[in-house]
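Notes for the one structure printed next.
The values are calculated or read from the model by the stated rules, or taken from the named source; none is laboratory data. The shown structure was predicted, so the numbers you read here are calculated from the model rather than taken from an experiment. Cβ atoms come from the backbone with ideal geometry, glycine included; neighbour counts cover every protein chain shown. Side chains are part of the model used for accessible areas, which takes the heavy atoms of the whole protein and leaves out ligands, DNA and RNA. Shrake-Rupley method; radii C 1.70, N 1.55, O 1.52, S 1.80 Å.
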Amino acid sequence: MHKTCLECNEKIVGREDKKFCSDGCRNAYNNKINKDSTNFMRNINNKLRKNYRILSELNEDGKSKTTRSKLLNNGFDFEYFTNILNTKSGNTYHFVYDQGYMALDSDFFILVRKDVK
């Protein structure tokens, strides 16, 4: 039995468990199935990436402070985040993946990075 490439349907030569005839076909196939299916999704993912980039740049050490105006001046959009963490002490952190922020007094924010393994 001959296996065919999932991308181009050409015959696959080599290992029994191969799914693609070449790296190019593997990349093309994965790019096709992983692309954002709508402009709406693409726009949200772009906003999340931008927010993540801003938090990462302002929080190089894993824990720091910044201001609301500094976040906004960099283009941060507070409406887009990936999850919320409510701590036992009653604090609420908003996260964009592993980068989090929490509002403090006087327009300050604490920035944290979650340890993910």
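Counted by Cβ distance under 13 Å from ASN59, the other residues give a net charge of +2, where Lys and Arg count +1 and Asp and Glu count -1. For the cross-link pairs LYS47/LYS70; LYS35/LYS65; LYS3/LYS35; LYS63/LYS88; LYS11/LYS32; LYS50/LYS88, the ones whose C-alpha atoms lie over 28 Å apart are LYS35/LYS65; LYS50/LYS88.
Given ASN30, LEU111, SER89, which one lies farthest toward the positive end of the charge dipole of the chain, if we put +1 on the Cβ of every Lys and Arg and -1 on the Cβ of every Asp and Glu? Most positive-ward Cα: ASN30. Of MET102, MET41, the order by accessible heavy-atom surface (1.4 Å probe, DNA, RNA and ligands excluded), from most exposed downward, is MET41, MET102. For the chain, the solvent-accessible area of protein heavy atoms averages 73 Å² per residue (probe radius 1.4 Å; ligands and nucleic acids excluded).
Per 0.36 nm of contour for each residue apart, how much would the distance between GLU16 and THR38 grow if the chain were fully extended, relative to their Cα-Cα spacing? The span from GLU16 to THR38 would gain 4.3 nm if fully extended. Accessible-area rank, largest first, for LEU58, LEU111, LEU104: LEU104, LEU58, LEU111, with all protein chains present and a 1.4 angstrom probe. Considering the values (i) 69, 30, 23; (ii) 60, 25, 22; (iii) 39, 31, 27, which represents Cα extents along the principal axes in Å as calculated for the structure under consideration? Structure-derived value, by its label: (i). Taking a Cβ cut-off of under 15 Å around LEU111, the surrounding Lys, Arg, Asp and Glu residues balance to a net charge of +1, with basic ones at +1 and acidic ones at -1. The gain in end-to-end length when the SER64 to SER89 segment is fully stretched comes to 7.0 nm, 0.36 nm per residue minus the alpha carbon separation.
As a calculated quantity, the FRET efficiency between CYS8 and VAL116 at R0 = 35 Å, using C-beta atoms, amounts to about 0.45. FRET efficiency for the ASN31 to ASN73 pair, using the beta carbon distance and R₀ = 41 Å, is estimated at 0.75.
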